[in-house]
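Heads up: the structure comes next, in structure tokens.
The values are calculated or read from the model by the stated rules, or taken from the named source; none is laboratory data. This one's a predicted model, so the numbers in the text were calculated from it and none came from an experiment. Methodologically, a virtual Cβ is constructed for each residue, glycine included, from the backbone with ideal geometry; neighbour enumeration extends over all protein chains shown.
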Amino acid sequence: MSDRYNIKESEARWQKAWDEQKCFEVTEEPSKEKYYVLAMLPYPSGRIHVGHVRNYTLSDVVARYKKAKGYNVLNPMGWDALGLPAENAAMDRNVHPADWTNDNIAQMKAQLKSMGLAIDWSREVSTCEPDYYKHEQKMFIQMYEQGLAYRKESVVNWDPVDNTVLANEQVVDGKGWRTGAPVERRKLNQWFLKITEYADELLESLQDLPRWPEKVRIMQLNWIGKSQGMNAEFPIDESEESLKIYTTRPDTIFGATFFAMAADHPLAQKLAGDKEGYEDFIQQCQSVGTSEEAIEKAEKIGFNTGYTITHPFTGKKLPLYIANFILMDYGTGAIYGCPAHDTRDHEFAKKYNVDIIQVVSSPDDAADIQDEPYLGPGDMINSEFLDGMESEDAKKAVIQKLEEKNLGQGATIFRLRDWGLSRQRYWGCPIPFVYRESDGACIPVPEDQLPVELPKDINYDEPGNPLDRHPTWKYTTCPETGEPAIRETDTCDTFFESSWYFLRYLDPNNSERGFSDEASQYWMAVDQYIGGVEHAVLHLLYSRFFTRALKACGYAVPDEPFSGLFTQGMVTHETYQDETGNWLYPNEIHKVDGQWMTVDGNKPVKTGAITKMSKSKKNTVDPQDIIDTYGADAARFFILSDSPPDRDLEWSEAGIEGAWRYANKIYKVVQDSIADLPQKDSSKPANFSDQASELRSQTHKTIKAVASDIEAFHMNKAVARIRELSNAITAFKPQSDDDKWASREAIETLVQLIAPMMPHLAEELWAALGYESLIANTPWPEFDESLIASDTLTIGVQVNGKVRATISLPQDADETAVKEIALAEPGVQKAVNDKEIRKFIYVPGRIVNVVVG
RNA sequence: GCGGAUGUGGUGAAAUUGGUAGACACGCUAGAUUUAGGUUCUAGUGCCGCAAGGCGUGAAGGUUCAAGUCCUUUCAUCCGCACCA
């Protein structure tokens, strides 16, 4: 009898073996088909969380499976090492962001290694290293030279007490998270990348991404937000100025009852700056956050400028407002308001007693337009020359009319805005520009002076950006004239690093360029990208833009960086609070008599909503505890078996033990049967018992099913198939030595099928089965189609749609024969009774339905 | 507010094109074995009902011989929203 499976010893041993044999280190091999598996790189926050385990287990299964299928598989890993949390840690704990980050990387790398991932660690990349960001500084300058990077004024959240810029997540209820001071909006000169230049192409090319989830493509489509509409320009009465508006609903022009522009519209100050209450109103607008959500949800408020605009067709004078729900960044920053057919305009009109005129007829006559706007299409009414037209035709007619009058023209606009890159923070990639003091000229840092490295000696004693306060770093000379110059002290958005890291992996030792064209041409595009659905828009869109921008700068990269994408669901967990409302970690509570109590003091615990795991709510679980207790294989297997990977996973402690028991069971079953099995590679016998044939059939079916399940990311189903096979193996009693051959075939197959999921256990058993080479280097088993086909089939017999019996039929049974068999079933006879059979339906291979009545 | 998703037993979930709802597990119940215990094995387990049978995929309608799947309406929950990563 065998000893119990020693997880710790075994896992460490096989990880060492993979390392020593450099099992997963790859080079370009033009003769071999490549497969690039990419998992989204982690931010080194401290310790890995369950979301990481899920992500990297998935990529690992794909990598190991594809390797077994014969591909040259690249599966790299790195660290998205720049970002805000490092600076928060620096401020809270007085550590240097670099030290904090590098400590975290060391810890997390050890944790990932303990998962037994098939990663080529020789290609590890950390984005906070100057050797990484020097290349993107060069890229940035190249983009600038191509006209893809530029500077303009833009609004930030400003904390007036700390004198610092706040991220949206640092704004809580309109107040700074540290100071509690009401946040202001402030305009700064900032760098942008011209992603809008590619808006149409990024939209159109979504069609070329069939291996992306539909939902992600739709989200990007909506994000880019192409809309067909009309630009128009109307003179403002009693003024020299005129207002440029944009609308997607030119058909509703006769329903226009007011005009409105954004609070930061250049005309706002000009026309109303001296009006009473203007300053207060602007203040009010500025107290709303900069996020789209905050703006949309804020109460709709307006300020009447006192000016009017004459309606181009009716001649009526309509009031011109400044309104907080108009975005300067969208369209022209001004609209005409049609309250009858737009929700926001309606809300606004109700509040300021503006007329509501219906111009599109609604199919629901009862609905009162004064209570509810009508948003759909319909026939035009109250619209002079448009009356009776369909909305779509009316749109064209209005555009044509305004074009004739030289007041407007049809226009296509995008919701997508240019990518604001500047961050007023230390722990980011320095933007490689200097400003000459004499004339303010903006000069790129010459290539031979790159990288512009972050200074090490910084302090957080004062608020604000340490680079800006640094005594020496920012003072330099102009590379062109040698005159005094000041460095750009803003750093890059960290999405900049993550927009090209997958290229750096290809050639991590290249110190001249970020990567060579040869490496890119061999490995790109990424065949399978895997990561969180929360990145569906920003990161994935920025990366798609980045490859196009790099191509414009002369790099050999494909337009689309990721040909296949899989987005995993979030990992969620129940939340817990003590009596005073403090959040509690799951390991700070325990059950006493069926009630959750605090471990410390046995006080009652309130359980709350199941939400995405987050540190702020303390509903996190440290996967290391699980790996230490049950082993990496059990953790991986449980995560794969529990939920479909694209769905949210509610973490529970209960299921992991089942995976652990299963691993032990497999170990025991295989170990116990080895002595009695034929030797490996012994020749296939000719005769099998029926049970053995059955087992062989199931073995081959399982090979096929597991492969297609893995390829479709139905890992939970693959696990179910594997468990069915192992159940069949345990139930199987060989009748002869020939049958034992079938038994060995099934067991070897089982070990091969679990190898991508539980790689350590698989190696252990593969060795036990007599193989000297690693299972990690062993090809995927082949299945025999002839063993899969069955000559009988079992189908259900319904009477009036309810199943009353199941029958077995030969594959080729004709309808007459089927009818005879079906009607002879006692259950069917009982249900039919003496009622008349009105119809007999036989769908070959599927179902029989007898309709009586 | 806008956009995207999800809803099936006590729990996680399965279910080609509409065609045997609940595979595979977790948990639970009973029994057996062993151990100090975690284990292991056998049987059972959607709900109601003694049974026959009936009812069951968030809710309400509809189409169909047949609906978890298609259509309409509706409710609930979760995620993203441009300076978190």
Of the conditions (1) within 16 Å of RNA strand B (Cβ to nearest atom); (2) modelled with pLDDT under 90, the single one that A:Ser361 does not satisfy is (1)
Looking only at residues in region A:764-814 that are assigned to a helix (DSSP H, G or I) and farther than 30 Å from A:Asp19 by Cβ, which one is nearest to RNA strand B (Cβ to nearest atom)? A:Ile788
What's the number of the only condition in (1) in a loop (DSSP other than H, G, I, E, B); (2) more than 16 Å from RNA strand B (Cβ to nearest atom); (3) charged (D, E, K, R) that A:Asp280 fails to meet? (1)
Here's a check for you: in region A:411-423, which residue that is in a strand (DSSP E or B) and within 19 Å of A:Glu204 (Cα to Cα) is farthest from RNA strand B (Cβ to nearest atom)? A:Ala411
With A:Thr310, A:Thr305 as the choices, which residue is surrounded by 21 or more Cβ atoms within 10 Å (Cβ to Cβ) and either under 26 Å from A:Ala262 (Cβ atoms) or acidic (Asp, Glu) (or both)? A:Thr305
Report every pair of residues separated by at least 6 positions or lying on different chains whose Cβ atoms are under 6 Å apart, first residue within region A:833-853 and without any contact (Cβ under 8 Å) to a residue 12 or more places away in the chain, second outside any loop (DSSP other than H, G, I, E, B). A:Ile841/A:Asn849
Within region A:156-174, count every residue that is surrounded by 18 or more Cβ atoms within 10 Å (Cβ to Cβ) and either without any contact (Cβ under 8 Å) to a residue 12 or more places away in the chain or closer than 30 Å to A:Ser563 by Cα (or both). 0
Is there a residue being in contact (Cβ under 8 Å) with a residue 24 or more places away in the chain and closer than 19 Å to A:Pro44 by Cα anywhere in region A:132-150? yes
Given (1) within 13 Å of RNA strand B (Cβ to nearest atom); (2) more than 29 Å from the chain's Cα centre (by Cα); (3) surrounded by fewer than 18 Cβ atoms within 10 Å (Cβ to Cβ), where does A:Trp177 come up short, assuming only one miss? (2)
Given the options A:Leu565, A:Leu584, name the one that is over 30 Å from A:Phe502 (Cα atoms), away from RNA strand B (no atom under 11 Å from the Cβ) and crowded, with 19+ Cβ neighbours inside 10 Å. A:Leu584
Within region A:16-71, how many residues are at pLDDT 95 or above and on the phi > 0 side of the Ramachandran plot? 2
Are any residues in region A:462-489 assigned to a loop (DSSP other than H, G, I, E, B), hydroxyl-bearing (Ser, Thr, Tyr) and more than 16 Å from RNA strand B (Cβ to nearest atom), and if so, which ones? A:Thr472, A:Thr481
What number goes with the only condition from (1) more than 30 Å from A:Val26 (Cβ to Cβ); (2) assigned to a loop (DSSP other than H, G, I, E, B) that A:Tyr435 does not pass? (2)
Between a first residue in region A:176-203 that is in a strand (DSSP E or B) and a second residue that is among the acidic types (Asp, Glu), which pairs have beta carbons less than 6 Å apart while being 6 or more apart in sequence or on different chains? A:Gly176/A:Asp159; A:Lys187/A:Glu153; A:Asn189/A:Glu153; A:Phe192/A:Asp418
Selection count where residues are under 30 Å from A:Lys187 (Cα atoms) and of a type in the set (D, E, K, R), scope region A:108-153: 7
Could you go through region A:120-129 and let me know if any residue there is modelled with pLDDT of 90 or more, over 30 Å from A:Ser563 (Cα atoms), surrounded by 17 or more Cβ atoms within 10 Å (Cβ to Cβ) and within 16 Å of RNA strand B (Cβ to nearest atom). no
Take the residues in region A:402-442 that are under 24 Å from A:Phe313 (Cβ atoms) and of a type in the set (Gly, Ala, Ser), then tell me which one is nearest to the chain's Cα centre (by Cα). A:Ala411
For region A:490-534, enumerate the residues that are surrounded by fewer than 21 Cβ atoms within 10 Å (Cβ to Cβ), within 16 Å of RNA strand B (Cβ to nearest atom) and touching a residue at least 40 places away in the same chain (Cβ under 8 Å). A:Phe495, A:Gly532, A:Val533
Only one of these conditions is not met by A:Thr572: (1) closer than 27 Å to A:Glu197 by Cβ; (2) surrounded by 15 or more Cβ atoms within 10 Å (Cβ to Cβ). Which number is it? (1)
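Answer yes if at least one residue in region A:542-553 is of a type outside the set (Lys, Arg) and in a loop (DSSP other than H, G, I, E, B), and no otherwise.
As a first pass, look at region A:542-553 and keep what is of a type outside the set (Lys, Arg): A:542-543, A:545-547, A:549-550, A:552-553.
Going one step further and asking which of them are in a loop (DSSP other than H, G, I, E, B), we end up with A:553.
For region A:542-553, residues of a type outside the set (Lys, Arg) and in a loop (DSSP other than H, G, I, E, B): present.
Residues of region A:231-244 being in a strand (DSSP E or B) and surrounded by fewer than 24 Cβ atoms within 10 Å (Cβ to Cβ), which ones?
Result: A:Asn231, A:Glu233, A:Phe234, A:Pro235, A:Ile236, A:Ser242, A:Lys244.
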Select from region A:694-744 the residues that are free of Cβ contacts under 8 Å to residues at least 24 places away in the same chain and not charged (D, E, K, R) and list them in ascending order. A:Ala705, A:Ser708, A:Ala712, A:Asn727, A:Ala731
Unmet criterion (only one of (1) within 20 Å of A:Asn157 (Cα to Cα); (2) among the aliphatic types (A, V, I, L, M); (3) modelled with pLDDT of 95 or more) for A:Leu421: (3)
Within region A:198-212, can one find any residue that is more than 12 Å from RNA strand B (Cβ to nearest atom), modelled with pLDDT of 90 or more, on the phi > 0 side of the Ramachandran plot and not polar (S, T, N, Q)? no
If you go through region A:377-389 one residue at a time, do you hit one that is within 39 Å of the chain's Cα centre (by Cα), touching a residue at least 60 places away in the same chain (Cβ under 8 Å) and closer than 28 Å to A:Ile236 by Cα? no
Out of all the residues in region A:565-579, is one or more out of contact with any Asp or Glu (no Cβ under 6 Å at 6 or more places or on another chain), aromatic (Phe, Trp, Tyr) and closer than 23 Å to A:Tyr56 by Cβ? yes
From the list A:Phe713, A:Phe732, which residue is within 33 Å of the chain's Cα centre (by Cα) and aromatic (Phe, Trp, Tyr)? A:Phe713
Just the residues that are within 12 Å of A:Glu748 (Cα to Cα) and not basic (Lys, Arg), please, taken from region A:679-692. A:Gln679, A:Asp681
Inside region A:180-223, the number of residues satisfying the requirement of being surrounded by fewer than 17 Cβ atoms within 10 Å (Cβ to Cβ), under 26 Å from the mean Cα position of the chain (by Cα) and of a type in the set (Gly, Ala, Ser) is 1
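Considering A:Gly428, A:Gly408, A:Gly376, which residue is within 16 Å of RNA strand B (Cβ to nearest atom), farther than 23 Å from A:Thr494 by Cβ, among the small types (Gly, Ala, Ser) and out of contact with any Lys or Arg (no Cβ under 6 Å at 6 or more places or on another chain)?
A:Gly376
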